[in-house]
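One structure is given below, encoded as structure tokens.
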Amino acid sequence: MITFDSVTVTYEDSAHPVLHAVEAAIPEGELCLLIGPSGAGKSTLLGTVSGLVPHFTGGTLHGRVTVAGRDTRTHKPRELADVVGTVGQDPLAHFVTDTVEDELAYGMESLGLPPGTMRRRVEEALDLLGLNELRDRPIATLSGGQQQRVAIGSVLTPHPKVLVLDEPTSALDPPAAEEVLAVVQRLVHDLGTTVLMAEHRLERVVQYADKVLLLPSPGAPAQLGDPAELLAVSPVQPPVVELGRLAGWSPLPLSVRDARRKAQPLRERLATHTPAPTGTLHPTTDTGASTDAAGTTGVPGAPRTGVPAAPLAETRRLSLVRDRITALHEVTLTLNPGETIALMGRNGAGKSTLLNTLVGMHRPTSGQVTVGGSPPHRTRPAELLRHVGLVPQEPRDLLYADTVARECESADADTGAEPGTCRTLVSQLLPDIPDTTHPRDLSEGQRLALALAIILTARPPLLLLDEPTRGLDYAAKARLVTLLRELAADGHAIVLATHDVELAAEIAHRVIILAQGEPVADGPTAEVITSSPAYAPQTAKILAPQQWLTVSQVKAAL
Amino acid sequence: MHRSTPRAPLTNGAPPETRALLKERAPLSPRALLTRRAPLSTRSGALHPGAWWLWALGLATAASRTTNPLLLALLIAVAGYVVAVRRTDAPWARSYGAFLKLGLLVLAIRLVFAFFLGSPIPGTHVLADLPEVPLPDWAKGVRIGGRVTAEGMLFALYDGLKLATLLICVGAANALANPARLLKSLPGALYEAGVAVVVAMTFAPNLVADVRRLRAARRLRGRADRGLRGLLQVGLPVLEGALERSVALAAAMDARGYGRTAHVPPAVRHTTTALTLGGLLGVCAGTYGLLAAEGAGFGLPVLLAGLVLALGGLWLGGKRAARTRYRPDRWGARAWLVSASGAAVAAFMINAAGNYPAALHPPAIPLNPPPFPLWPAAATLLGLLPAFVAPAPPAPPTGTAPSPGTAPFPGGAGSAARRGAADVRQKSGAVRQEPGEEPAPRPGASRSAHGEASRHTPWKKRKPSPWRHTPLHRAQQDRGEPHDQEPTQ
């Protein structure tokens, strides 16, 4: 269905090709997962299928890509619109019209299908994707998972033979991600659609894949093959594969169920051990730094209940109503020094609102919030920054200057820190970033590190991170984990709003689950996340009923 | 569809006819009696947006024919009532408030100008005597300061009120008609221009949201998040973001087939060009003929011929677009009634302007209360017709609990999510071990918030999902993956 015939893509301003001599043929009706580290050319490869590379993006394509027999060199993207449906990373950038029903019909209108057919297919798509209740809703009012489903539906109605998805679940909470993946799998099973999908969060998708296309590094030859075989050599691996390799299982299990079948001996071996508390373990990839972290923490892991330290921030029956919607409802929380808290819950549950309230962006409707002894919404920003720092969901919101060096200078000036403080921090996090780089040219992970360095320049004891691992590959995530552990060891309190259960399992001491603006669960990580199927990490599912959360815990115990 | 939840399962899937029947059989409350005549607005039954515009333009025409403040106030009240009972809670419907404020602003500006720059109306009731700024000879018609008379201010008030009424009528059309749907009714040849306008319209709100977000983010860097300086400093990042978004949108539109053209024989293409160009030339010549003193004889026929040619060109040009239209709005009987009511108000007012000139243009001198002309006022009330014949908007969500209509906690966001959270919630009593606090004695009894949660969230009100019987679901059940809950709607 899709064939890549020695495809090499070079962008105009770069010396090296992004893709080099990619050879692959994806048969009809397969769900093919495209994996590889950041910058390996995954998005470019997806772009060549829809013809957007090179017709829209520029650059040079050598070789040949054919989709359903059509050569993308001679067919423009709009002429491939009836065979390829593409959904990019940000569904909001994809919408042309303003309501769900019109959006589903838009592609068919462009193709000139007869009105009767359009009407029937829209109804089918509404049922297939479970959107009937939302059909007249303005798209802007939908949640992330709903928008992603509308985006998939909108490319589905012209009945394309190939569906190209770029990170369809990265921004979604675990249940919404399963919803989207269930739809994708249904398309493959029932309609025989060929799906090519790139995704960083392998633990969510790898079990559904029929084939894996691996791009090991930029310019390296691509490999297409059986998921289990390729994941064994892949630089990026989901926890289930990591655990399988650690335990020496062969063939490697890809789903939790396969792993559980093989896990009996491992469970027996582990029965005599107790898992070390989370938040203090050595990460799998690194290193000396975190050993120090574990050594200096004093009271490992557990929230310091015994130490009568003053809380860094407190909320008392905090409620927030905006536009007649209760965003937060009677939230009572205490954040202590040295504590790492993961804030979880579905999209729109109030996680970001809570973080924003802690930095004074919203004034509480009722109840109290104190950060560093004063209400944040009445504190001057410069003063507040000494008590609390927030890295927003989109780190580029914090970046205004046109070079990294200027960004650092202004951060020093804003916080009254010694000149050079910020630059030193940046160098620690990103060793090889030249001063002259434009912040927008950085990768997702680098941009996050830069924003983090800017916030850390003021040394706030309370650090808030909103969805920090969106768009990060496993290597970048491991670096972030190391860094956050060091900060926690220094006595920073860290609050992460995240959908990433593996991250929460790795570093959080305490997990709070929000639903409709209220905490519905609040307790030690192991207890909260293992009690919920949606929020349990893969290792916990495999080794249940024992409470192992991460592969690194298991590794340390063996 | 913004419907209160209890009614939704009853009517939602039903075709409009059944829905109407269900509605008819419902017990009649006073409110139901009021709304009974007009059906609830659905996609197929929605009023053509053009009808709303014609109605509003009719009211605006009427407003332009009078300066009587009582009639103008009546027109504003008529437009306001219709908006109040017939607008939806869609984003564009909120623009009415903005138009009201704009109208007030115009009125205020008009009064301030009249106060400080004087008024040509002579008067005897002096309100204030400002010092007059001496101006050179060449600025003879302009006055700054000087005597301010009550008559002058009254004249300015009448005049400003007329302008404000015009604006409010336009605002009413804006709030009642979906602008995107109006543009969808354009002829095929103009379609691409229409899409550009629609994209631009969704773009502006995004831009405003970006500015707000970035200004708020300044706080995170310890800078003031208010004030003009903050606004200026986020300008560049906002523009960069807007540019990136438009490029992404262009890519998405291209990949979805925007701009595909059908093959058109060269002969037709040339004919289209000739017709359009010739038509436009004809329109120009005809207009010139009408306006110039000596060409009155040939002006009108040439203008009409030009219009016909241009329309023919548009029609032929539409052949080139391979597009079809999904559920176009139909111009039905209700649309006729709505637009006719606007036209009637305009016609009566134009007629009245001839018959009762004094009542429709009450003089500012002498200072008297304006008369209330009965017949024109009665005619104005005809504009209320849409409040009874136009399809009613679906019932707005009630109560403060987030509902599917407005909430970021959407009903459709997956009952799996609810169930997941429900599991956690059930166990949370046991799990909740806050530092220094005894575990709750009994799961679920630890805090009244749990009761609250179950009241806000219809955990148990789940419809059986159509997914339940899919092959996919069975496959997953067979594989028995523990974390794979049933895929949800």
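The values are calculated or read from the model by the stated rules, or taken from the named source; none is laboratory data. Here the structure is a predicted model, which means the values were calculated and not measured. With ideal geometry, Cβ positions are generated from the backbone for all residues, glycine too; neighbour counts draw on all protein chains shown. For the accessible areas, the whole protein counts, side chains as well, though only heavy atoms, and no ligand, DNA or RNA atoms are used. Shrake-Rupley method; radii C 1.70, N 1.55, O 1.52, S 1.80 Å.
In the set (1) among the hydroxyl-bearing types (Ser, Thr, Tyr); (2) in the same structural domain as B:Glu192 (by TED's automatic domain parsing); (3) exposed (fewer than 14 other Cβ atoms within 10 Å of the Cβ), the condition left unmet by B:Thr261 is number (2).
Scan region A:481-495 residue by residue and report those that are without any contact (Cβ under 8 Å) to a residue 60 or more places away in the chain and open to solvent by less than 10 Å² (accessible area, probe 1.4 Å). Listed by number, the list is empty, since nothing qualifies. Tell me yes or no: at least one residue of region B:323-332 is of a type in the set (A, V, I, L, M, F, W, C), away from chain A (no Cβ under 14 Å) and touching a residue at least 60 places away in the same chain (Cβ under 8 Å). Yes, region B:323-332 contains at least one residue that is of a type in the set (A, V, I, L, M, F, W, C), away from chain A (no Cβ under 14 Å) and touching a residue at least 60 places away in the same chain (Cβ under 8 Å). Evaluation of A:Ile341 against the conditions (1) within 26 Å of the chain's Cα centre (by Cα); (2) closer than 28 Å to A:Glu502 by Cα; (3) part of a loop (DSSP other than H, G, I, E, B) shows that the sole unmet condition is (3).
Considering (1) small (Gly, Ala, Ser); (2) loosely packed, with under 13 Cβ neighbours inside 10 Å; (3) in contact (Cβ under 8 Å) with a residue 12 or more places away in the chain; (4) more than 8 Å from chain A (Cβ to nearest Cβ), the lone condition that B:Gly282 does not fulfil carries the number (2).
Got a sec? Which of A:Val404, A:Val371 is among the hydrophobic types (A, V, I, L, M, F, W, C) and more than 21 Å from A:Leu318 (Cα to Cα)? Before the answer, list the steps.
Numbers: A:Val371 fails: more than 21 Å from A:Leu318 (Cα to Cα).
It is A:Val404.
All conditions in (1) surrounded by 18 or more Cβ atoms within 10 Å (Cβ to Cβ); (2) touching a strand residue (DSSP E or B) at 6+ places or on another chain (Cβ under 8 Å) hold for A:Ala40, with the sole exception of (2). With the condition kept exactly as written, say whether any residue in region A:141-150 is modelled with pLDDT of 90 or more, open to solvent by 10 Å² or more (accessible area, probe 1.4 Å), within 8 Å of another protein chain (Cβ to nearest Cβ) and touching a Ser or Thr at 6+ places or on another chain (Cβ under 8 Å). There is no residue in region A:141-150 that is modelled with pLDDT of 90 or more, open to solvent by 10 Å² or more (accessible area, probe 1.4 Å), within 8 Å of another protein chain (Cβ to nearest Cβ) and touching a Ser or Thr at 6+ places or on another chain (Cβ under 8 Å).
Of the residues making up region A:188-228, those that are among the acidic types (Asp, Glu) and either within 21 Å of the chain's Cα centre (by Cα) or surrounded by 22 or more Cβ atoms within 10 Å (Cβ to Cβ) (or both) are A:Glu199, A:Glu203. For first residues located in region A:255-266 and away from every other protein chain (no Cβ under 12 Å), partners that are open to solvent by 60 Å² or more (accessible area, probe 1.4 Å) and lie 6+ apart or on another chain with Cβ distances below 9 Å form the pairs A:Leu266/A:Leu246; A:Leu266/A:Leu558. Only one of the numbered conditions (1) within 14 Å of another protein chain (Cβ to nearest Cβ); (2) assigned to a loop (DSSP other than H, G, I, E, B); (3) over 27 Å from the mean Cα position of the chain (by Cα) is not met by A:Glu28, and that is (1). Out of curiosity, is B:Leu157 touching a Pro at 6+ places or on another chain (Cβ under 9 Å), in a helix (DSSP H, G or I), among the aliphatic types (A, V, I, L, M) and within 14 Å of chain A (Cβ to nearest Cβ)? Taking the combined requirement at face value, the residue does not satisfy it. The residues listed here are A:His75, A:His62, A:His55; of these, the one that is more than 23 Å from A:Glu444 (Cα to Cα), in contact with a Pro (Cβ under 9 Å, 6 or more places away or on another chain), more than 10 Å from chain B (Cβ to nearest Cβ) and not polar (S, T, N, Q) is A:His62. Counting only helices (runs of 4 or more DSSP H) that sit wholly inside region B:1-82, those with at least 2 residues that are at pLDDT below 90 and out of contact with any Lys or Arg (no Cβ under 8 Å at 6 or more places or on another chain) are B:8-11, B:16-25, B:30-35. Among the candidates B:Pro362, B:Pro357, B:Pro397, the residue that is buried (at least 17 other Cβ atoms within 10 Å of the Cβ), more than 30 Å from B:Pro265 (Cα to Cα) and modelled with pLDDT of 85 or more is uniquely B:Pro362.
Residues that are crowded, with 24+ Cβ neighbours inside 10 Å and farther than 24 Å from A:Gln207 by Cα within region A:524-558 comprise A:Thr525, A:Val528, listed in sequence order. Tell me yes or no: at least one residue of region B:234-243 is open to solvent by 60 Å² or more (accessible area, probe 1.4 Å) and either more than 10 Å from chain A (Cβ to nearest Cβ) or in contact (Cβ under 8 Å) with a residue 60 or more places away in the chain (or both). Among the residues of region B:234-243, at least one is open to solvent by 60 Å² or more (accessible area, probe 1.4 Å) and either more than 10 Å from chain A (Cβ to nearest Cβ) or in contact (Cβ under 8 Å) with a residue 60 or more places away in the chain (or both), which makes the answer yes. Considering A:Ala478, A:Ala413, A:Ala405, the condition of being open to solvent by 30 Å² or more (accessible area, probe 1.4 Å) and assigned to a helix (DSSP H, G or I) is satisfied by A:Ala413 alone.
Among the listed residues A:Leu442, A:Leu465, which satisfies the condition of being within 17 Å of A:Leu358 (Cβ to Cβ) and under 18 Å from the mean Cα position of the chain (by Cα)? Can you show your working first?
Working: A:Leu442 fails: within 17 Å of A:Leu358 (Cβ to Cβ).
Unique residue meeting the criteria: A:Leu465.
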